[in-house]
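Student: Quick one: this structure, given as structure tokens, is what I'll be asking you about.
Taken together, the values in this text are just the output of simple stated rules run on the coordinates, not laboratory data. Keep in mind that what you see is a predicted model, and the values were worked out from it rather than measured. Neighbour counts run over all protein chains shown; Cβ positions are idealised from the backbone, glycine included.
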Amino acid sequence: MKKTLLACMCAATMFAVSCSSDGNKTSETPGTEQTAEQAAPPHMANEAARKGLTVVYDKYHEIKDALVKSDAATAKARAGELASSLSFDISTLTADEKVQWEAQRNTLQSAAEKMVQAADLKAQREAFAGMSIGMEKSIAAIGLYDKTVYKQFCPMALDDKGATWIASEEKVYNPYFGDEMLTCGSVEQTMKY
């Protein structure tokens, strides 16, 4: 009898917590938005590291904008600048943060090099997909400084495999198709730092 009562109390508590209506959007379905409390990483690195990553993010965003405009030359130039910005001071990061950053720094470096060497926009956009994954994981590990960013998704990108990117604006401007399908995509997550 005690076990049944305890199980009922646990179930009721879990139901009450999961159904609370505090105004937060909690859906993680593509095309929906999460609140800042849910979207922000559980841990953010210190301010100096977040400022360093914000410089990297700003270069990433310039690459995104160039791809939206189908401007291969600017995307190439900004990718080189992004590669140069990856060497910010990480001395204040914890050991775990350093390990996470180094893995993502290598991903970002490799994607930037591919973008610089790419023969055409299609190859740059493919490299941008990998860069976007690295940027998202870097933001999750370290955080940004005084920014709101939006994780966006296009299901048709990369030959219908789908791909994400991080944007500074909520309105979708698709870097994978440019003016061919400029607004194809949706906001998956809002992240405030």
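Student: Need the C-alpha centroid separation for segment 82-156 versus segment 167-181, integer Å.
Tutor: 18 Å
Student: Tell me the chymotrypsin sites (Phe, Trp or Tyr not before Pro) within segment 137-191 that lie in a loop according to DSSP and have at most 16 other beta-carbon atoms within 10 Å.
Tutor: Qualifying residues, ordered by number: none.
Student: I've got another one for you. Let me check I've understood the local charge: for Ala72, count other residues with C-beta under 12 angstrom from its C-beta, Lys and Arg +1, Asp and Glu -1. What total comes out?
Tutor: Numbers: positive: Lys69, Lys76, Arg78, Lys122, Arg125; negative: Asp71, Asp120.
Result for the local shell: +3.
Student: Once the other residues with Cβ under 13 Å from the Cβ of Met181 are scored (Lys, Arg +1; Asp, Glu -1), what is the net sum?
Tutor: Here the charged neighbours net out to -2.
Student: Greater than 23 Å separation of Cα atoms is the criterion. Which listed pairs, Lys76/Lys98; Lys51/Lys151; Lys98/Lys137, meet it?
Tutor: Beyond 23 Å: Lys76/Lys98.
Student: Specify whether the C-alpha gyration tensor of segment 132-176 places it in the rounded, prolate or oblate class, a ≥ b ≥ c being the square roots of the eigenvalues: rounded for a/c under 1.5, otherwise prolate if a/b is larger than b/c and oblate if not.
Tutor: Note, shape of segment 132-176 comes out oblate.
Student: Which of the trypsin sites (Lys or Arg not before Pro) across segment 58-90 are loop residues per DSSP, with 16 or fewer other Cβ within 10 Å?
Tutor: On the way: sites: Lys59, Lys64, Lys69, Lys76, Arg78; in loops: Lys69.
Qualifying residues, ordered by number: Lys69.
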